[in-house]
């Protein structure tokens, strides 16, 4: 999750213009990535996660990654520094505009527009904007946003999105070995890993967002820890709201 509070008025004016005049969409993509978010071209991660991830691997290592809830190709993105250093991977987000930006900026990656959940289906999600890091599948997460971002439920629109399981995404793209898995799904993390068969895949490092804002979210976090421990992952580092888990066999 990013804690940015973007200028919604300017964003809305530009996006509305592009929606009415789609031939200008690539100009918007360029503006968004290389002008509006220029500073993130040099340091993409929010809390220095990029350097932490790199330190798990030897100098010059070029691995692969999977980023669930990727949000933006450069801004507050945990895999952008890896990409610049030759890594390649899969980026998944339910915001169509997010994937448009990834397809424009990170052509070496596989970029997928869908939500990640516990089964392949169609689900309702709560949207606060075309390019919002706060969009979520979880009603409980709306309580966190109400309290910490002063966003009311009426600020969200109900939208439909297709969902895929993590396993189905990895199998389809033949990613049976994953060096780094990033999970930032705004309260939906447990649903994703609860039915995931870790035995079918070799994952080295997992970074997962943890937001213990009420009883339910705290309970979910404890269950996530149990699942990861059961599958040979140990907590290696905490930074901001991100928890890094390392596979004991790595």
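Given region 75-141, what whole percent of its Cα pairs are spread farther than 16 Å? List each step's numbers first, then the result.
Details: 1143 of 2211 pairs.
The calculated P(r) of region 75-141 puts 52 percent of pairs beyond 16 Å.
Taking 199, 167, 54 in turn, the Gaussian network model of the chain (Cα-Cα springs below 10 Å) assigns the largest fluctuation to 199. GNM remark for the chain: springs join alpha carbons under 10 Å apart, and the peak mean-square fluctuation among 200, 82, 228 falls on 200. For percent of Cα pairs over 32 Å apart, the candidate list reads (1) 17; (2) 12; (3) 24; the entry that matches the value derived from this model is (1).
Inter-part distance, region 74-130 to region 217-250, computed on C-alpha centroids, equals 23 Å. Would you work out if region 153-250 is rounded, prolate or oblate? Take a ≥ b ≥ c from the square roots of the eigenvalues of the alpha-carbon gyration tensor; rounded if a/c is under 1.5, else prolate when a/b is larger than b/c, oblate otherwise. Since a/c reaches 1.5 but b/c is at least a/b, the shape of region 153-250 is classed as oblate.
Based on DSSP H runs of at least 4 residues, each adding -39500 (n - 2.57), what is the mean residue ellipticity at 222 nm of the chain after dividing by all its residues, to the nearest 500 deg cm²/dmol? Let's see the in-between values first.
Values: 9 runs with 81 residues, N = 250.
Value at 222 nm, helices only, nearest 500: -9000 deg cm²/dmol.
Mean-square fluctuations from a GNM of the chain, with a 10 angstrom spring cutoff on Cα atoms, peak among 122, 99, 90 at 122. By the count of neighbouring beta-carbon atoms within 10 Å, fewest first, 196, 65, 30 end up ordered 30, 196, 65. The distance between label points at residue 16 and residue 218 comes to 4.4 nm (points 7 Å beyond Cα on the Cα→Cβ vector).
Based on a Kirkwood Rh over C-alpha pairs, give the Stokes-Einstein translational diffusion coefficient of region 77-202 at 37 °C and viscosity 0.692 mPa s in µm²/s. Could you put the intermediate results ahead of the total?
Working: Rh = 15.6 Å.
The diffusion coefficient I find is 211 µm²/s.
Under the criterion of Cα pairs below 8 Å and six or more residues apart, the relative contact order for region 8-247 equals 15 percent.
Just so you know, all these numbers are worked out from the coordinates, no wet-lab data involved. Here the structure is a predicted model, which means the values were calculated and not measured. Neighbour counts are summed over all protein chains in view; Cβ atoms, including those assigned to glycine, are modelled from backbone coordinates with ideal geometry.
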